[in-house]
Amino acid sequence: MSPTVAAAGLARALAAIAGEAYATEDPARTTSFAIDEVVPRAAVEPGSAAEVAAVLQYAHARKLVVAPAGGFTHQHTGGIPERVDILLRTERLKAVEHYDPGDMMIGVGVGTTVAEVERKIGPHQQILPLETAQPERSTIGGALATATHGPLKHAYGGLRDYCTGVRFVTADGKIAKAGAKVVKNVAGYDLMKLLIGSYGTMAVITGASFKLFPRPPQMRTFVAQFARLAEAMTFRDHVLGSPLTPVCLELVSPHAQAIVAESFHPVSPNSGETRVGPPGETWRVLVRAAGSDRVLARYRAELGAAAAASEMGGDDEAQMWRSVAEFPHTLFERSRNAMLLRVDVALQDVAPMLEAAERAALDNSFLCAATGRIGVGSLLVGFAPIAVDPPSAMQYVNAVSYLRSMTPRDGSAIVLRCPLEAKRYFNVWGSTPNDIGTMKALKRAFDGEDILNRGRFLF
Amino acid sequence: MPRSRISEELREIAGAEAVLDGAEDLMLYEYDAGLSTGTPQWVVFPETTKQVSRIAQLASRMNVPLVPRGAGTGLSGGSIPRAGGIVLVFSRMTKILEIDAANRRAVVQPGVVNADLSAVVARHGLFFAPDPASQKASTIGGNVAENSGGPHTLAHGVTVNHITGLEVVLPDGGVVQMGGKAADSCGYDLTGLFVGTEGTVGIVTAITVKLTKVAEAVETLLAIFHTIDDAANAVASITAGGITPVALEMLDGKTLRCVEEATHAGYPMDSGAVLLIELEGLREAVTEQAEAVRAVCERHNAREMRRAANEQERQLLWKGRKTAFAALGRLAPAYYTQDGVVPRSHIAKVLRYIETVAQKCNLQIGNIFHAGDGNMHPCILFDMRDPDQVKRTHEAGRMILTYCVDCGGTITGEHGVGMEKNELMPLLFSEDDLEVMKWVHDAFNPKSVLNPQKLFPTPRSCRETNVAGGIGGSR
């Protein structure tokens, strides 16, 4: 059988499951779904969990490699796929499965975008504290698969903390679920934890339930600036040790400010010095506070001169945080050949990691631009090339390997995105504090044929 | 291998004084705080991870069930050796291995008592947030196994939200690491998956926990209502209104009267229900939230609002709550506490249903529960010497949990499934759901050496032989 005939057969089979309009092998379309330049043989958009199951049963029986895909905002993460037979798009899985504002829970299909969820719950003064970059494109499924997070993680935790239930289809096409639609549940194994951050390698998630939170009626952000990272860290420790309970505690490095400023368009012309950016010499720590005027007055008193001097409120404040959340996207808008790492470490390892990142950048002709949830130890570290000419692959390799040599044993430094040429030279995942043998045993149990995102994960 | 050979090997591994195999000693380990029972053949008290690993190897080699046990305060039979075998007790693994205040972490052995950790780290202004009612006895290893909650999980989350790393001994004796001090890590979230597996996939031997900052201010309010409906509606209004108490507990009238007689906490004897509401945080914020709570309660016809004026009054209000089950226990020889969860807007309806169940089954049922989470705790009073009452109790529990599931809820919010509710799992999960969970089980514990016959419903072919499960065991 020639490859063309096989592909035609594949598209026909997928069309039989999802409908003619929702299966394609037309290169004009599939090319736009290339992952690291690997073009999928066919793409399908199932309209229900049952159709997802049928696609997976078909693929499983034939050992076809399946890559689940949402809004394509995170597909650059992971190893280069050896091949993709079926790109399984979640586009049509958009149902609101349950939402009663009084219960502060929502369940949605994974093809729902983050912005769509926000629009649904916003009128009820509720939030899903996900705050991803590109909310109009990012889907709930993509957010779950990549365990993505934004500045609100400081107060609300990550997806593992507020996703209470999942519906999914296994590699062999079983429709299953775990968890519940209520805020508290310990019945059965917590497969949410297994699926969140598994980058589509364990199962295809079709729906999920989340705890929602009341939107604080008033928020204000205090901006503290420091000449040195060490001073910024001392300030962070002061905030963490104080009675204050900010909703965000975010670091913006000197070079990150220019990137954040790029997408920040203040509404009021005179917000002046209080805005983040233009590119500064300083390390900024943003303390976002929620509460009444009296509560905010207390913040001013506790934060002291360092932060009380400049603060933001109203629409500008909200806009500014949007810009901070957009950092991982804006970095690449500004610098196509940039590299972005997700660094997760204990609190006291934040400063050494940022110093190591600055050093790695300097030695390899990059500028280091970092933002991060410094109150929980989750950082986004960007490397933007200084030269106009694209850097050599070795510059990326050397920067990553230096940073990883400085990463503590239980820390992680995952390359979320870098040029493809560089990706060929290193494992984007790096080391892990989680037992590899156990992870492999779970992968074998869930996807023994290795059809889900083959070759893209850690092992 | 004869029984005595296993005793010998256990003594060789853990020391002669660390193994029990006499009938009278074993009896102490055949129950927990629930109603299920099962007798072990051996009880062993390991002191190191290495010993745990060797014991697991022995159990695997001999195909003898191995059941980890903390303080035995569980309510679902998680630590009961249902199929006999070796019970592994952690009362010699009680060291706090490290307090890392700067990173807000501690590393502890599984036998460390929940409240002891909070007491030790209090000098850093920190505490360990999960607060099961049994926290003065229950161990952190047990909390991890059961993913324990408590009144303050409304704001702080359950155990899994406070665990970042584990050292686990697998049934074959392998020792593996999961996570560490960092909040997230590369790879599958093994730590998150492991918490709440009820001792069915591995034995935890070291735990890295998050420590939480003690709030500056705390305000504890008691809202007294004429009717349960008013109280339940106030709960829904508080949570939906953007107020975020750290605890929001309800006691119904029946429970109140028992509690008051037992503790003299000052609870009113003639009200329909009370809410115990706690707020924590910045002083200014707490004061404002307390005012908001007061307004909501008054809007829902609260008869009276009381405020704890000092720590002593606060402790007294909490004492009533924390000892409520024991107080109810004075009314009957035994009680059986259910643990279903419902969406918060359904609380009033569920309470009315529970009342009809009580009438239909001719039983007394008190309600004292985590209203803010919708985590019901109907406490069914019965006499275990009367087989008919036992049967009716079982039936009442099943009816209530079925109703919780029908309302969109679940069968357990914090007590775990164990051997008490494993046959009820099909209320919530399809065969495929359970099969996928079984994949996880079998990846870790393929021969079911570890804690067998728990969590999953008994396969149909074996069900006949397992009728002793659930409530109304031989105790």
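The values are calculated or read from the model by the stated rules, or taken from the named source; none is laboratory data. Since the model is a prediction, treat every value here as computed from it, not as a measurement. Here the Cβ positions follow ideal geometry from the backbone for every residue, glycine too, while neighbour counts run over all protein chains shown.
Are there any strands (runs of 3 or more DSSP E) wholly within segment A:50-143 with 1 or more residues that are surrounded by fewer than 24 Cβ atoms within 10 Å (Cβ to Cβ) and β-branched (Val, Ile, Thr), and if so which? It would help to see each step written out before you state the result.
Working: elements: A:66-69, A:86-89, A:96-100, A:105-109.
Ranges flagged: A:96-100.
Which of (1) modelled with pLDDT under 95; (2) within 14 Å of chain A (Cβ to nearest Cβ) does B:GLU260 not meet, given it meets every other one?
For B:GLU260, the failing item is (2).
So, of the residues in segment A:378-400 that are crowded, with 17+ Cβ neighbours inside 10 Å and of a type in the set (Ser, Thr, Tyr), which turns out to be nearest to the other protein chains (Cβ to nearest Cβ)?
It comes out as A:SER378.
Pull up segment B:34-46, narrow it to residues that are at pLDDT 95 or above and buried (at least 19 other Cβ atoms within 10 Å of the Cβ), then point me to the one that is farthest from B:VAL204 (Cα to Cα).
Quick first cut of segment B:34-46, residues at pLDDT 95 or above only: B:38-46.
Checking which are buried (at least 19 other Cβ atoms within 10 Å of the Cβ) leaves us with B:38, B:40, B:42-46.
Values: B:GLY38: 22, B:PRO40: 20, B:TRP42: 20, B:VAL43: 17, B:VAL44: 16, B:PHE45: 14, B:PRO46: 12 Å.
Out of the qualifying residues, it is B:GLY38.
How many residues are closer than 25 Å to B:GLU414 by Cα and in contact (Cβ under 8 Å) with a residue 12 or more places away in the chain if we restrict to segment B:182-199?
The initial filter retains those residues of segment B:182-199 that are closer than 25 Å to B:GLU414 by Cα, namely B:183-184, B:188-199.
The next check asks that each one be in contact (Cβ under 8 Å) with a residue 12 or more places away in the chain; those that pass are B:183, B:190-199.
Counting residues in segment B:182-199 that are closer than 25 Å to B:GLU414 by Cα and in contact (Cβ under 8 Å) with a residue 12 or more places away in the chain gives 11.
Looking only at segment B:78-110, count how many residues are more than 14 Å from chain A (Cβ to nearest Cβ), of a type in the set (Gly, Ala, Ser) and crowded, with 23+ Cβ neighbours inside 10 Å.
Our first condition is that a residue be more than 14 Å from chain A (Cβ to nearest Cβ); within segment B:78-110, this holds for B:79-97, B:108-110.
Narrowing the set further to residues that are of a type in the set (Gly, Ala, Ser) leaves B:79, B:83-85, B:91.
Add one more test, that the residue is crowded, with 23+ Cβ neighbours inside 10 Å, and what stays is B:79, B:85.
Qualifying residue count, segment B:78-110: 2.
When you check A:PHE264 against the structure, is it over 19 Å from A:ILE127 (Cβ atoms) and at pLDDT 95 or above, yes or no? Spell out how you get there, then give the answer.
On the way: over 19 Å from A:ILE127 (Cβ atoms): yes; at pLDDT 95 or above: no.
Judged against the criteria, A:PHE264 is not a match.
At pLDDT 95 or above, assigned by TED's automatic domain parsing to the domain that holds B:THR356 and not polar (S, T, N, Q): which single residue out of B:PRO426, B:PRO446, B:PRO378, B:PRO452 fits that description? Reasoning before the result, please.
On the way: B:PRO426 fails: assigned by TED's automatic domain parsing to the domain that holds B:THR356; B:PRO446 fails: assigned by TED's automatic domain parsing to the domain that holds B:THR356; B:PRO452 fails: assigned by TED's automatic domain parsing to the domain that holds B:THR356.
Every option except B:PRO378 fails the conditions.
Residues being within 13 Å of another protein chain (Cβ to nearest Cβ), of a type outside the set (Lys, Arg) and not in a helix (DSSP H, G or I): count how many of those fall in segment A:401-451.
Just the residues of segment A:401-451 that are within 13 Å of another protein chain (Cβ to nearest Cβ), to begin with: A:404, A:407-416, A:427-448.
Subset that is of a type outside the set (Lys, Arg): A:407-408, A:410-416, A:427-439, A:441-442, A:445-448.
Still in the running and not in a helix (DSSP H, G or I): A:407-408, A:410-416, A:427-435, A:447-448.
Result for segment A:401-451: 20.
Being within 29 Å of the chain's Cα centre (by Cα), not assigned by TED's automatic domain parsing to the domain that holds B:PRO132 and not hydrophobic (A, V, I, L, M, F, W, C) is true for just one of B:GLU288, B:GLU284, B:GLU280. Which residue is that? Give the derivation first.
Details: B:GLU288 fails: within 29 Å of the chain's Cα centre (by Cα); B:GLU284 fails: within 29 Å of the chain's Cα centre (by Cα).
Residue meeting the stated conditions: B:GLU280.
For segment B:290-304, state whether one or more residues are surrounded by 20 or more Cβ atoms within 10 Å (Cβ to Cβ) and without any contact (Cβ under 8 Å) to a residue 60 or more places away in the chain.
Looking for residues that are surrounded by 20 or more Cβ atoms within 10 Å (Cβ to Cβ) and without any contact (Cβ under 8 Å) to a residue 60 or more places away in the chain, one finds none in segment B:290-304, hence no.
Checking B:THR239 against (1) over 30 Å from B:LEU97 (Cα atoms); (2) away from chain A (no Cβ under 11 Å), only one condition comes out false. Which one?
Unmet condition: (2).
Just the residues that are touching a residue at least 60 places away in the same chain (Cβ under 8 Å) and within 14 Å of chain B (Cβ to nearest Cβ), please, taken from segment A:77-101. Reasoning before the result, please.
First, the residues of segment A:77-101 that are touching a residue at least 60 places away in the same chain (Cβ under 8 Å): A:77-83, A:85-86, A:88, A:90, A:92-93, A:95, A:97-98.
Those that are touching a residue at least 60 places away in the same chain (Cβ under 8 Å) and within 14 Å of chain B (Cβ to nearest Cβ): A:THR77, A:GLY78, A:GLY79, A:GLU97, A:HIS98.
Could you tell me whether any residue of segment B:314-335 is over 30 Å from B:GLU216 (Cβ atoms), free of Cβ contacts under 8 Å to residues at least 60 places away in the same chain and not small (Gly, Ala, Ser)? Give the derivation first.
Step one: of segment B:314-335, the residues over 30 Å from B:GLU216 (Cβ atoms) are B:325-335.
Those left that are additionally free of Cβ contacts under 8 Å to residues at least 60 places away in the same chain: B:329, B:332-333, B:335.
Right, trim to not small (Gly, Ala, Ser) and you get B:333, B:335.
The answer is yes, given that some residue of segment B:314-335 is over 30 Å from B:GLU216 (Cβ atoms), free of Cβ contacts under 8 Å to residues at least 60 places away in the same chain and not small (Gly, Ala, Ser).
Within segment A:283-309, how many residues turn out to be surrounded by fewer than 18 Cβ atoms within 10 Å (Cβ to Cβ) and either over 22 Å from A:TYR156 (Cβ atoms) or away from chain B (no Cβ under 14 Å) (or both)?
9
Which residue out of A:LEU195, A:LEU229 is surrounded by fewer than 24 Cβ atoms within 10 Å (Cβ to Cβ), more than 20 Å from B:GLY340 (Cα to Cα) and not basic (Lys, Arg)? Steps first, answer last, please.
On the way: A:LEU195 fails: surrounded by fewer than 24 Cβ atoms within 10 Å (Cβ to Cβ).
That would be A:LEU229, the only listed residue that is surrounded by fewer than 24 Cβ atoms within 10 Å (Cβ to Cβ), more than 20 Å from B:GLY340 (Cα to Cα) and not basic (Lys, Arg).
Table: residues versus (1) buried (at least 19 other Cβ atoms within 10 Å of the Cβ); (2) among the small types (Gly, Ala, Ser); (3) in contact with a strand residue (DSSP E or B) (Cβ under 8 Å, 6 or more places away or on another chain); (4) modelled with pLDDT under 95.
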{"position": "B:ARG344", "(1), (2), (3), (4)": "yes, no, no, yes"}
{"position": "B:LEU351", "(1), (2), (3), (4)": "yes, no, yes, no"}
{"position": "B:VAL357", "(1), (2), (3), (4)": "yes, no, yes, no"}
{"position": "B:ASP383", "(1), (2), (3), (4)": "no, no, yes, yes"}
{"position": "B:ALA396", "(1), (2), (3), (4)": "yes, yes, yes, no"}
{"position": "B:THR412", "(1), (2), (3), (4)": "yes, no, yes, no"}
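Taking only segment B:368-424 into account, find how many residues are part of a loop (DSSP other than H, G, I, E, B), within 12 Å of another protein chain (Cβ to nearest Cβ), of a type in the set (A, V, I, L, M, F, W, C) and closer than 18 Å to B:GLY74 by Cα.
3
Has segment B:62-77 got any residue that is on the phi > 0 side of the Ramachandran plot, surrounded by fewer than 24 Cβ atoms within 10 Å (Cβ to Cβ) and under 23 Å from the mean Cα position of the chain (by Cα)? Quick ask: steps written out before the conclusion?
Taking segment B:62-77 as the starting set, the residues that turn out to be on the phi > 0 side of the Ramachandran plot are B:63, B:72, B:77.
Pick out the ones that are also surrounded by fewer than 24 Cβ atoms within 10 Å (Cβ to Cβ) and you get B:63, B:72.
Now narrow it down to the ones that are under 23 Å from the mean Cα position of the chain (by Cα): B:72.
Within segment B:62-77, one or more residues are on the phi > 0 side of the Ramachandran plot, surrounded by fewer than 24 Cβ atoms within 10 Å (Cβ to Cβ) and under 23 Å from the mean Cα position of the chain (by Cα).
Quick check on my filter: what residues within segment A:9-49 are among the acidic types (Asp, Glu) and assigned to a helix (DSSP H, G or I)? Full working, then the answer.
Keep residues of segment A:9-49 that are among the acidic types (Asp, Glu), which gives A:20, A:25-26, A:36-37, A:45.
Across segment A:9-49, the qualifying residue is only A:GLU20.
Taking segment B:437-453, which residues are within 14 Å of chain A (Cβ to nearest Cβ) and in contact with a helix residue (DSSP H, G or I) (Cβ under 6 Å, 6 or more places away or on another chain)?
Once the filter is applied, which keeps residues that are within 14 Å of chain A (Cβ to nearest Cβ) and in contact with a helix residue (DSSP H, G or I) (Cβ under 6 Å, 6 or more places away or on another chain), segment B:437-453 yields B:TRP439, B:ALA443.
Please specify each residue of segment A:310-327 satisfying the condition of being in a helix (DSSP H, G or I) and either within 14 Å of chain B (Cβ to nearest Cβ) or closer than 26 Å to B:GLU288 by Cα (or both). Step through it out loud before you land on a result.
Start the filter on segment A:310-327 by keeping residues that are in a helix (DSSP H, G or I), which leaves A:314-325, A:327.
Listed by number, the residues that qualify are A:GLY314, A:ASP315, A:GLU317, A:ALA318.
Mind listing whichever residues of segment A:149-162 are within 11 Å of chain B (Cβ to nearest Cβ) and either of a type in the set (S, T, N, Q) or part of a loop (DSSP other than H, G, I, E, B) (or both)? Quick ask: steps written out before the conclusion?
Filtering segment A:149-162 for residues within 11 Å of chain B (Cβ to nearest Cβ) gives A:149, A:153-162.
Scanning segment A:149-162 gives A:HIS149, A:GLY157, A:GLY158.
Could you please let me know if B:ARG92 is in contact with an Asp or Glu (Cβ under 6 Å, 6 or more places away or on another chain) and within 18 Å of B:ALA206 (Cα to Cα)?
Numbers: in contact with an Asp or Glu (Cβ under 6 Å, 6 or more places away or on another chain): yes; within 18 Å of B:ALA206 (Cα to Cα): yes.
When the stated conditions are applied, B:ARG92 passes them.
For segment B:205-212, check the following and say yes or no: at least one residue is among the basic types (Lys, Arg), closer than 14 Å to B:PHE369 by Cβ and touching a residue at least 24 places away in the same chain (Cβ under 8 Å).
Our first condition is that a residue be among the basic types (Lys, Arg); within segment B:205-212, this holds for B:210.
Now narrow it down to the ones that are closer than 14 Å to B:PHE369 by Cβ: none.
Looking through segment B:205-212, none of the residues is among the basic types (Lys, Arg), closer than 14 Å to B:PHE369 by Cβ and touching a residue at least 24 places away in the same chain (Cβ under 8 Å).
If I ask for residues that are within 14 Å of chain B (Cβ to nearest Cβ) and among the β-branched types (Val, Ile, Thr), which ones from segment A:200-259 would you list?
Keep residues of segment A:200-259 that are within 14 Å of chain B (Cβ to nearest Cβ), which gives A:200-207, A:209-220, A:233-234, A:236-247, A:249.
Those that are within 14 Å of chain B (Cβ to nearest Cβ) and among the β-branched types (Val, Ile, Thr): A:THR201, A:VAL204, A:ILE205, A:THR206, A:THR234, A:VAL239, A:THR245, A:VAL247.
Within segment A:175-252, considering only strands (runs of 3 or more DSSP E) that don't extend past its boundaries, which have at least 1 residues that are of a type in the set (S, T, N, Q)? Before the answer, list the steps.
On the way: elements: A:175-179, A:203-211, A:219-226, A:248-252.
Of the strands (runs of 3 or more DSSP E) lying wholly inside segment A:175-252, those with at least 1 residues that are of a type in the set (S, T, N, Q) span A:203-211, A:219-226.
Restricting attention to segment A:387-441, which residues are in the same structural domain as A:SER365 (by TED's automatic domain parsing), among the acidic types (Asp, Glu) and free of Cβ contacts under 8 Å to residues at least 12 places away in the same chain?
The one that is in the same structural domain as A:SER365 (by TED's automatic domain parsing), among the acidic types (Asp, Glu) and free of Cβ contacts under 8 Å to residues at least 12 places away in the same chain: A:ASP389.
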